1. Evaluate the range A:81-94: report whether one residue or more is out of contact with any Asp or Glu (no Cβ under 6 Å at 6 or more places or on another chain), at pLDDT 85 or above and not in a loop (DSSP other than H, G, I, E, B).
2. Looking only at the range A:474-529, count how many residues are in a strand (DSSP E or B) and more than 16 Å from RNA strand B (Cβ to nearest atom).
3. Starting from the range A:183-212, keep only residues that are over 22 Å from A:Asn418 (Cβ atoms) and open to solvent by less than 70 Å² (accessible area, probe 1.4 Å), then list their pairs with residues that are of a type in the set (Asp, Glu) and at pLDDT below 85 whose Cβ atoms are within a distance under 7 Å, requiring at least 6 positions of separation or different chains.
4. State which residue pairs qualify: first residue closer than 23 Å to A:Tyr375 by Cβ and inside the range A:470-494, second residue acidic (Asp, Glu) and assigned to a helix (DSSP H, G or I) in any location, beta carbons under 6 Å apart, and separation of 6 or more residues or different chains.
5. In the range A:343-365, is there at least one residue being open to solvent by 10 Å² or more (accessible area, probe 1.4 Å), farther than 30 Å from A:Lys616 by Cβ and within 16 Å of RNA strand B (Cβ to nearest atom)?
6. Which of the residues belonging to the range A:402-460 are among the aromatic types (Phe, Trp, Tyr), free of Cβ contacts under 8 Å to residues at least 60 places away in the same chain and open to solvent by less than 20 Å² (accessible area, probe 1.4 Å)?
7. Report, by residue number, each residue of the range A:296-336 that is in a loop (DSSP other than H, G, I, E, B), among the charged types (D, E, K, R) and crowded, with 20+ Cβ neighbours inside 10 Å.
8. Test A:Thr601 against the criterion of being within 8 Å of RNA strand B (Cβ to nearest atom) and either among the aliphatic types (A, V, I, L, M) or surrounded by 12 or more Cβ atoms within 10 Å (Cβ to Cβ) (or both), and give yes or no.
Amino acid sequence: MQLLLIHSDYIEYETKKQTPVAEKIEESLKSGRLEEALTAFMAVESIDEANPEGTIKKTVSEIEKVATQVKTNRIMLYPYAHLSSDLSSPKVAVQVLKGIETALSGKYEVKRAPFGWYKAFSISCKGHPLSELSRSIRPEETAKAAGKVEVCGEKEVVSEALKAESTAKSYWRILTPDGELHEIENFDLTPYPKLQQFVDYEISKSRAVERAPPHVELMRRLELADYEPGSDSGNMRYYPKGRLVKSLLENYVLDVATDFGAMEVETPIMYDMNHPTLKKYLDRFPARQYSIESDKRQMFLRFAACFGQFLINHDMTISYKNLPLRMIEMTRYSFRKEQRGELVGLRRLRAFTMPDMHSLCADMDQAVDQFKKQYDLCIDVLDNIGIHIKDYEVAIRFTRDFYESNKELIVNMARTVNKPVLIEMWDTRFFYFVLKFEFNFVDALAKASALSTVQIDVENAERYDISYVNPDGKLERPTVLHCSPSGAIERCIYALLEKAAMETEEGKVPMLPVWLSPTQVRIVPVSEKHVAFVEEVSQKLDCRVDIDDRDLSIGKKVREAGREWVPYVVVIGDKEIEDGTINVTIRAESGQNKPKKVQITPEELNSRIKGEIAGKPYRKLPLAKYLSVRPKFF
RNA sequence: GCCUCGUUGGCUCAGCCCGGUAGAGCGAGUGACUUGUAAUCACUAGGUCGCGUGUUCAAAUCACGCACGAGGCUCCA
């Protein structure tokens with residue numbers, strides 16, 4: 001429902017011509033006038049169809065509130081379709097308009113302009129500060145359902161849920177590894193500047209971005225990713241190096257999940273808004289989804305893999321012997337139509353890649369046991385990606401009831417990371433989970449973003465009618481865990497780049513982990529005549545090697561290798577051909593303007609790199625080996 | 001919905017205030033050099049200055065309108 005309220009000296013209308021949807025009216029209603037009245041121009045929207053009674057109730061209370069403020073007891077209800085681009089059916093609109101009229105007519109002098117007619121009107125607006133107000137009214141169930149549907153992953157992505165969250169009463173605390181809960185005001189955060197920033201960010205709920213964060217320039221300069229003007233905002237293009245890094249991260253998380261016992265599946269990207277299980281809440285808040293029309297059907301693009309996996313679970317025959325039952329999907333993509341101003345670089349996107357794992361557990365005991373294991377798993381995954389415990393802040397959120405019966409679990413979580421963590425506790429359960437944690441990366445601009453998360457979901461098994469057979473042969477509802485071991489893949493890249501930017505400011509030399517570096521070894525021949533030998537050396541190296549055979553000075557080639565963050569730079573000339581060793585600049589051990597150079601054999605370099613990338617996925621060089629034939633992407 | 005700022009070769013930007021037929025660096029191409037660790041030298045190509053209208057002898061420059069982008073505010077019962 002869209003409302004435009006005008007406090008007017010008078011309002012006057014006259015019907016001209018009826019449209020096909022016009023309501024039948026008496027002659028007396030064909031014109032009307034009210035002096036000193038509040039005029040409510042209104043448009044009933046398709047979103048209101050789900051609950052016309054609720055819409056009526058809320059609209060009436062809004063109008064009454066304003067009528068009281070402007071001290072008038074005359075109200076003109078005026079249907080005005082132009083307020084919305086998503087109108088309800090005429091039938092519902094008339095129903096709602098009449099309902100509002102009836103509800104108000106007891107206390108006020110009410111007139112209602114007829115629906116579905118072309119009308120001439122004149123109005124005189126009083127012009128005082130309260131005389132022009134607009135309101136959008138949304139059905140209550142929307143916010144509630146949206147909260148419940150904030151099923152997977154990053155806490156901040158479904159802002160409907162945030163709205164509910166912002167009205168929920170939260171108790172904030174700091175939990176220290178010794179198990180003490182501290183009031184935030186009484187806890188000295190000075191030794192923990194990043195936690196301080198995270199706490200400020202969380203509690204103030206201020207999420208505006210003032211300037212482009214450093215990773216935006218880096219993602220372009222390193223030719224990883226870029227904005228795509230031909231698409232919608234927040235849908236990025238990835239150049240070969242970016243695709244490589246993404247692919248390695250995706251494969252890594254999948255490998256880890258497989259080792260953990262998860263089965264990889266693939267589910268559709270788009271769903272029918274009218275599917276019985278999805279319909280009841282989805283078609284009420286299309287705002288946050290991409291919706292697309294396919295022939296006559298309304299589809300939406302998934303914002304997580306929950307639907308697909310739960311729909312599979314629903315159809316499965318599951319025994320208690322199969323539990324915990326874990327499935328994972330690398331969702332390329334999940335789509336969320338985030339508000340324009342919230343999109344930034346790789347931090348927050350409208351299309352992103354998220355590993356989404358769900359575990360069906362027999363009961364709360366098994367769920368808690370899994371939760372612990374997945375907490376440790378997440379720490380390990382991020383650590384291997386290059387984001388360590390010191391690089392993020394832990395938030396643990398739960399209901400009071402859950403805390404009372406699981407104190408030991410929660411204290412152990414703080415003990416594991418061995419530093420203070422932020423606690424948020426609710427008296428009552430507003431959401432589908434009773435316990436969740438996230439690891440939050442705090443970037444160079446003090447903005448926090450969630451990476452890994454695990455949640456214990458006590459609602460969706462019921463909603464999707466998922467059950468398993470217990471030892472007595474009876475059907476039971478499982479408890480469901482949601483887990484994104486790394487968080488969104490793009491966001492991991494963002495975190496790595498932001499971390500590198502912060503380290504640069506501290507005087508360190510920035511780089512990506514070797515297993516993620518697009519070029520692992522760059523060989524620079526001293527002159528053209530060394531190229532053949534360089535090619536031989538490159539074949540002794542079992543990694544991503546490229547050769548800078550361009551007609552440039554050594555100095556320039558070395559500088560460019562540095563600007564690309566190449567971990568190992570090798571210069572080869574006559575000397576190397578003679579003694580069989582190579583000169584290697586090791587980026588990880590260099591300082592700014594202090595290159596660390598060693599003279600070793602190709603075999604030694606090879607085994608060093610092999611050790612560094614052991615156990616990680618590997619892909620071949622995504623670009624031409626010889627730089628002279630490589631294109632520039634911008 | 002409102003406000004501010006921006007839009008000039010592939011990229012980054014100058015020129016606009018005080019109108020006089022468009023500039024730099026990087027990148028690209030060609031040639032020279034055959035090179036030992038953070039930018040070798042020279043030359044060449046490349047722009048109807050976001051779109052439209054107006055003012056003017058003359059508009060990248062001034063005015064108005066529009067489009068797109070970035071940011072902020074408001075709203076998000």
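The values are calculated or read from the model by the stated rules, or taken from the named source; none is laboratory data. Owing to the predicted nature of the structure, the values given are computational and were not obtained by experimental measurement. Every residue, glycine among them, receives a Cβ derived from its backbone with ideal geometry; neighbour counts consider all protein chains shown. All accessible areas refer to the heavy atoms of the entire protein, side chains included, with ligands and DNA or RNA removed. Shrake-Rupley method; radii C 1.70, N 1.55, O 1.52, S 1.80 Å.
1. Scanning the range A:81-94 turns up no residue that is out of contact with any Asp or Glu (no Cβ under 6 Å at 6 or more places or on another chain), at pLDDT 85 or above and not in a loop (DSSP other than H, G, I, E, B).
2. Matching residues across the range A:474-529 total 8.
3. Within 7 Å, the pairs are A:Arg207/A:Glu342.
4. Cβ pairs passing all conditions: A:Ile489/A:Glu250.
5. Checked against the condition, which is being open to solvent by 10 Å² or more (accessible area, probe 1.4 Å), farther than 30 Å from A:Lys616 by Cβ and within 16 Å of RNA strand B (Cβ to nearest atom), the range A:343-365 yields at least one hit.
6. The answer is A:Phe402, A:Phe433, A:Phe441.
7. Correct list: A:Arg302, A:Arg336.
8. no
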